[in-house]
Amino acid sequence: MTAVSGQRPTAADPAVAGQAAEEDLRALFGQSIAVFASLAGPAHLVETANRAFFAAIGEERARTGVELAELMPELAGQGFIALLDQVYRTGEPYTGRDVRVVLGTGPHAREAFFDFTYEPRRDAGGNVTGIRVIGVETTQVKHAQHLMAEHRALVEQIARQAPLTEVLDGMARCIEDLAPQEVLVSVLLADPDGRHLRHGAAPSLPDFYNQAIDGIATGEGIGSCGTAAHRRQPVIVTDIATDPFWDDFRQLADQAGLAACWSTPILARDGALLGTFAMYHRTPRAPQETDLALARVFAGTAALAIERHHIEQAKLAAEARAKAAHDELAKAVRAERELRAEAEERAAAAAELAARMRAAAAAQAATPRPEHCQLGGTSGCTAPAEIKIADSWGDSAWGCPIHVEEAILNVRSVFIASEELGGLAAYLNR
């Protein structure tokens with residue numbers, strides 16, 4: 001290249017070429033979504049960084065001219081400053097893939113993932129003068145992969161008909177783990193009439209809170225969940241302390257340490273109310289679009305689980321009714337068979353008795369009438385034999401009225417056998 005008077009020096013000057021390359025990199029990454037920072041010296045002084053870098057570490061820390069360890073003290077305990085020292089000392093670049101880093105400290109700390117490179121900067125003599133940090137945040141991709149894996153596991157649970165409480169509890173814990181900021185998840189299930197909501201799952205909410213809201217009515221202004229169920233639309237309450245929907249529950253929420261609640265109705269395919277899916281926060285907060293998307297995804301998953309549960313419950317109830325009907329029918333058939341058998345036995349007994357009576361009557365007809373009573377027992381009776389009696393077994397005898405009366409009173413199966421002698425009329429007129 002040939003230098004032109006009045007124009008910028010050419011790359012023939014190594015120092016100038018290095019400076020120009022650095023300026024080109026700054027211009028290239030200035031508006032990029034890729035993270036870029038240029039560090040100088042063994043202390044890794046932040047000379048420059050693009051917006052994406054400061055957005056990743058927190059806009060409140062957007063300044064240059066300060067050592068990286070001072071700007072981001074949380075990096076030291078995670079080994080990143082040691083890696084920078086290594087690259088500066090050896091001159092060998094370092095590349096990391098899907099590396100986890102915790103940015104910030106305390107309640108504002110967040111988990112993030114990056115693909116990044118630590119590339120040494122050199123002067124004209126080839127000496128390392130600093131390090132360029134170039135990276136791309138992969139947190140959303142990592143979370144999306146985790147979300148897909150967890151969602152797939154939940155769908156598999158539903159497919160193998162795992163208990164509804166197990167599915168909902170697992171779903172709640174999954175969302176609490178996936179959310180970048182602390183969130184407490186609750187799932188309420190609608191009664192069949194859609195007028196009340198019952199506890200479904202809320203692994204991180206205190207028991208007293210779950211018990212207090214179990215059975216709340218659906219209706220306008222009844223908290224976030226009651227209102228969302230009534231409207232069949234999401235209800236976002238960013239500050240429980242001031243929202244009128246929470247007038248009746250504000251003290252309870254304060255006791256549980258809850259400051260915001262976003263509720264999404266869980267609807268069946270035909271639009272029927274199945275329940276609500278709520279995300280609670282301990283500080284007032286408005287949702288981002290990613291939060292709303294997460295709520296929609298898992299409200300749909302919960303709907304699938306609940307509908308499947310209802311189908312299984314209806315199937316079990318139908319099977320129970322069918323079994324009860326079958327058992328009743330079998331019982332009736334057994335009773336009918338028993339009655340028929342009993343009737344047949346009685347008919348057979350009656351036929352046998354009739355036959356025996358006919359045989360006894362024939363035998364008695366040929367037997368002459370005795371002169372004296374045969375019912376006097378061992379002592380005998382000299383009274384004239386006036387009345388003939390018999391029993392169902394075919395036994396018969398003649399007796400006087402006194403002993404016949406005694407026999408009829410004491411032997412249940414005895415009856416007067418001869419009408420020709422006057423029968424009962426003869427006895428009554430004795």
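Among the residues of the range 170-185, is any open to solvent by 60 Å² or more (accessible area, probe 1.4 Å) and in contact with a Phe, Trp or Tyr (Cβ under 9 Å, 6 or more places away or on another chain)? So that I can check it myself, show each step before the final result.
Narrowing the range 170-185 to residues open to solvent by 60 Å² or more (accessible area, probe 1.4 Å): 173, 177, 180-182.
With in contact with a Phe, Trp or Tyr (Cβ under 9 Å, 6 or more places away or on another chain) added as a condition, the list becomes none.
No: the range 170-185 contains no residue that is open to solvent by 60 Å² or more (accessible area, probe 1.4 Å) and in contact with a Phe, Trp or Tyr (Cβ under 9 Å, 6 or more places away or on another chain).
For Thr301, indicate whether it is under 27 Å from Ile158 (Cα atoms), surrounded by 13 or more Cβ atoms within 10 Å (Cβ to Cβ) and in contact with a Pro (Cβ under 8 Å, 6 or more places away or on another chain). So that I can check it myself, show each step before the final result.
Working: under 27 Å from Ile158 (Cα atoms): yes; surrounded by 13 or more Cβ atoms within 10 Å (Cβ to Cβ): yes; in contact with a Pro (Cβ under 8 Å, 6 or more places away or on another chain): no.
Criteria not met by Thr301.
Please state which of the following conditions Leu205 fails to meet, knowing it meets all the rest: (1) over 23 Å from Glu166 (Cα atoms); (2) aliphatic (A, V, I, L, M); (3) out of contact with any helix residue (DSSP H, G or I) (no Cβ under 6 Å at 6 or more places or on another chain).
Single failed check for Leu205: (1).
Is one or more of the residues making up the range 143-152 assigned to a loop (DSSP other than H, G, I, E, B) and hydrophobic (A, V, I, L, M, F, W, C)?
Applying the first criterion (assigned to a loop (DSSP other than H, G, I, E, B)) to the range 143-152 yields none.
No.
For the range 197-224, which positions are open to solvent by 10 Å² or more (accessible area, probe 1.4 Å) and within 13 Å of Leu274 (Cβ to Cβ)?
Answer for the range 197-224, where residues must be open to solvent by 10 Å² or more (accessible area, probe 1.4 Å) and within 13 Å of Leu274 (Cβ to Cβ): Arg198, Gly200, Thr218.
Pairs only if they're at least six apart or on different chains, beta carbon under 9 angstrom, first in the range 153-177 and outside any helix (DSSP H, G or I), second open to solvent by 50 Å² or more (accessible area, probe 1.4 Å); list them, first residue then second.
Once the first residue is outside any helix (DSSP H, G or I) and sits in the range 153-177, its partners that are open to solvent by 50 Å² or more (accessible area, probe 1.4 Å) give Gln161/Arg308; Gln161/His309; Ala162/Glu156; Pro163/His309.
Within the group Asp270, Asp248, Asp239, which residue is assigned to a loop (DSSP other than H, G, I, E, B) and without any contact (Cβ under 8 Å) to a residue 12 or more places away in the chain?
Details: Asp248 fails: without any contact (Cβ under 8 Å) to a residue 12 or more places away in the chain; Asp239 fails: without any contact (Cβ under 8 Å) to a residue 12 or more places away in the chain.
Sole residue among the options that is assigned to a loop (DSSP other than H, G, I, E, B) and without any contact (Cβ under 8 Å) to a residue 12 or more places away in the chain: Asp270.
Which residue, of Pro265, Pro284, is farther than 24 Å from Pro192 by Cα and either in contact (Cβ under 8 Å) with a residue 24 or more places away in the chain or over 18 Å from the mean Cα position of the chain (by Cα) (or both)?
Values: Pro265 fails: farther than 24 Å from Pro192 by Cα.
Only one candidate passes the filter, namely Pro284.
Those residues that are in contact (Cβ under 8 Å) with a residue 60 or more places away in the chain and either acidic (Asp, Glu) or not in a helix (DSSP H, G or I) (or both), I need them from the range 292-337; list them, please. Outline the logic, then answer.
If we filter the range 292-337 for residues that are in contact (Cβ under 8 Å) with a residue 60 or more places away in the chain, which is where we start, we get 294-295, 297-298, 301-302, 304-306, 308-309, 312.
Glu312, the sole residue that qualifies.
Every residue in the range 262-285 that is open to solvent by less than 10 Å² (accessible area, probe 1.4 Å) and more than 16 Å from Arg231 (Cα to Cα), please.
Listed by number, the residues that qualify are Met279, Tyr280, His281.
For the range 377-418, name all the residues that are open to solvent by 70 Å² or more (accessible area, probe 1.4 Å) and assigned to a loop (DSSP other than H, G, I, E, B).
Thr382, Glu386, Trp393, Asp395, Arg412
Residue by residue through the range 246-261, note down the ones that are open to solvent by 20 Å² or more (accessible area, probe 1.4 Å) and not aliphatic (A, V, I, L, M). Reasoning before the result, please.
First pass over the range 246-261, keeping only residues open to solvent by 20 Å² or more (accessible area, probe 1.4 Å): 247-252, 254-255, 257.
Result: Asp247, Asp248, Phe249, Arg250, Gln251, Asp254, Gln255, Gly257.
Output the number of residues of the range 58-92 satisfying the condition of being of a type in the set (Ser, Thr, Tyr) and surrounded by 15 or more Cβ atoms within 10 Å (Cβ to Cβ). Before you say what the answer is, go through the steps one by one.
Our first condition is that a residue be of a type in the set (Ser, Thr, Tyr); within the range 58-92, this holds for 64, 88, 90.
This time we only want the ones that are surrounded by 15 or more Cβ atoms within 10 Å (Cβ to Cβ), so: 88.
Residues that pass the stated criteria total 1.
The values are calculated or read from the model by the stated rules, or taken from the named source; none is laboratory data. Everything numeric in this text was worked out from a predicted model, so none of it was measured. In this analysis, Cβ positions are derived from the backbone assuming ideal geometry, glycine residues included, and neighbour counts consider all displayed protein chains. Protein only, heavy atoms only, side chains kept; ligands, DNA and RNA dropped before computing areas. Shrake-Rupley method; radii C 1.70, N 1.55, O 1.52, S 1.80 Å.
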